[in-house]
Every structure is written in structure tokens, then in C-alpha cells.
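Okay, structure first, notes after.
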Amino acid sequence: MSRPIRISIRSWAAASVVTLLSLLASCADIRIVSDYDEETAKSLTSLEQTTDDFIVALEKVVGTPDGAFDKHAAFYDGVDRDLRRLEFRVNAIPKNNHTQMLVKDIRAAILGAGACDETGTSLRDLHCLPASRARGPSKTALELSRRNVNQTISAALSLELAKKQGLEHNDQ
């Protein structure tokens, strides 16, 4: 018969502490999201400001020929370009899935599926509907779209800023 192995409480406690410290040290570098990216935060802020300024300006000319979709096509083309650049950047950053999804949501809120869609709910879709193409969408539709766009961009910017706070907290 073999004898049972006896371990003193002190030895067991010391081994447990060493194991716990080793485990914590090995987990210190595990990241489930990417680090804060200043360029992404700046791009999101710029996009929000540009879109908000556009909606405010459009609200002033709704119901007139100056509110026509064709007169504002350059805005949509510019936002599409800016979003492509932002998408390229966020897609190039490892472990950035949450930000990537939020940027897709921003594209959907502003530009929709890519072409005017009568069933779409994006800012561009509302602007190019047959009923609003010549004079712009209603002020109510613009206000709702503005809230949707701002909330979506705010969610993405909040995530980036939370990453920054986490990074600063980890550096302390």
C-alpha cells in the first residue's frame, strides 16, 4: 500500500499564490478589443460635425428648389469617400470588430445601401425619395435622421474613448 502524500498548509498556500500570480501575469496582455485609435476618433468627430452641419443647412432650405437632392449630391459623395477611408482604417486594426460594426451602422444611417432606395431609412434615402427629391425631406424626417446619425456616431466615438480610458487606466 502506498502512503498518502501530506502537504502542509503553508506549502499549499505558497503554491496557490505562485500559481495565481503566474495566471494573472499571463493574462495581463490579453485584449478583447483593439487599443484606442486617435485617427478613428478624429474621423468620427469630423463626420458627425459635417453631417450635423449639412442637416442644419438643409433644414433651412427644405421645401425650396435649394433643398433638391441633386444640389446636395456632393455632400453624399464626400461622406461616402470619408466613410471608405474610415472603414479601411478600422478594418486594418486587429481586434476592432465592434468599431467595424458601428462604422457599418453609420454608413447605413447616412448613405443606406449605396443607391436611393424607396424602402430605405438613411438620410440619403429620405432625401432622394420621389416625394422629396425636388425640395428635400421634411423637417421632421431630417430631425429624426439627425438623431439617428448622431446616436450611431456617438456610440462609435464612445467606444473609442472608452478604449482610451482603459489604456490610460492600464498605464497607471
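Computed values, structure above
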| item | result |
| --- | --- |
| Semi-axis lengths, Å, region 38-171, gyration tensor of Cα atoms, sqrt of 5 times eigenvalues | 30, 14, 12 |
| THR121, THR152, THR140 arranged by Cβ crowding within 10 Å, fewest neighbours leading | THR140, THR121, THR152 |
| Given charges at Cβ of Lys, Arg, Asp, Glu: region 26-113 dipole, positive-most of PRO94, PHE75, ALA57 | PRO94 |
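Bear in mind that the values in this text are calculations on the coordinates, not laboratory data. Just so you know, these numbers come straight off a predicted model, no measurement behind them. No Cβ is skipped: glycine too gets one built from the backbone with ideal geometry, and neighbour counts run over all protein chains shown.
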